[in-house]
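Structure first, then comments.
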């Protein structure tokens, strides 16, 4: 669960980089690691992973702790 939440935070930082809110934080990774994320579909996937999945993971953790 923590691994998936970590990847959701990474996707959120990538989407913030693409929106221009953060400057040169993930630029090297986007150039060399996964350049397809710079496309419109990659941007949409990162935005959804960074917001939607992270909220779902937080909800799961809340439900697990409160039974």
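Since every read-out is calculated from the coordinates, none of them should be taken as a lab result. Keep in mind that this is a model prediction, so the values were computed, not measured. Glycine also receives a Cβ, built like all others from the backbone with ideal geometry; neighbour counts cover every protein chain displayed.
Label-to-label distance for residue 43 and residue 55 is 2.1 nm, based on points extended 7 Å past Cα in the beta-carbon direction.
Length gained on full extension, residue 64 to residue 21: 12.2 nm, using 0.36 nm per residue less the C-alpha separation.
From the P(r) of the chain, could you give the percentage of C-alpha pairs in the tail past 14 Å? Taking all Cα-Cα pairs of the chain, the fraction more than 14 Å apart is 59 percent.
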